[in-house]
Amino acid sequence: MMSIKEIHEEVKKCMYCGFCEFPCPTFNALRSRAYGPRGRINLIKALIENGFGQGKDVGLNSDVINPIMTCLHCAACDTQCPAGIRIADVIHGFKAIILETILK
């Protein structure tokens with residue numbers, strides 16, 4: 001599993017180009033930016049930069065958790081990312097961290 005630090009290093013690479021969205025099945029089904037890879041990466045980045053994983057209450061709620069948790073981990077987005085972000089691994093790793101945090 002990726003650490004918060006490793007995840008943050010990956011998400012900081014995002015150039016916000018949106019190429020990752022086109023092959024994403026959840027983005028195509030729901031047509032909501034939050035439910036696409038770019039939206040998920042931005043949510044994860046914002047959570048980490050606001051103190052998630054460092055003991056701070058960042059207000060995890062369904063509006064934040066649902067987009068991240070609905071990733072199918074198909075990795076179709078990975079092949080489209082010009083920055084080489086391991087998007088599926090980042091999201092999968094962050095899902096595990098969210099679950100660990102919630103279940104504590």
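A short reminder: the numbers here are calculations on the coordinates, not readings from a lab. Computed from a predicted model, the values in this text were never measured in an experiment. No Cβ is skipped: glycine too gets one built from the backbone with ideal geometry, and neighbour counts run over all protein chains shown.
Length gain on complete extension for the stretch Ile102 to Arg31, per 0.36 nm per residue less the alpha carbon to alpha carbon distance? Provide the component values of the computation, followed by the final result.
Working: separation 71, 0.36 × 71 = 25.56 nm, distance 2.78 nm.
In short, 22.8 nm is gained.
Calculate, in nm to one decimal, what Met15 and Gln54 gain on full extension: separation in residues at 0.36 nm each, minus their alpha carbon distance. Kindly include the intermediate steps, with their values, before the conclusion.
Numbers: separation 39, 0.36 × 39 = 14.04 nm, distance 2.53 nm.
The span from Met15 to Gln54 would gain 11.5 nm if fully extended.
I'd like the isolated cysteines in the chain, meaning no second cysteine's beta-carbon lies under 4.7 angstrom from theirs.
Cys14, Cys17, Cys24, Cys71, Cys74, Cys81
If you place +1 on the Cβ of every Lys and Arg, -1 on the Cβ of every Asp and Glu, and leave all else neutral, what size is the dipole of the chain about its Cα centre, to the nearest 20 Debye?
Working: 12 positive and 10 negative charges, 28 e Å.
It comes to approximately 140 debye.
Taking 37 °C and 0.692 mPa s as the conditions, I'd like the Stokes-Einstein D for the chain in µm²/s, using the Kirkwood hydrodynamic radius from alpha carbon pairs.
The estimated diffusion coefficient comes to 243 µm²/s.
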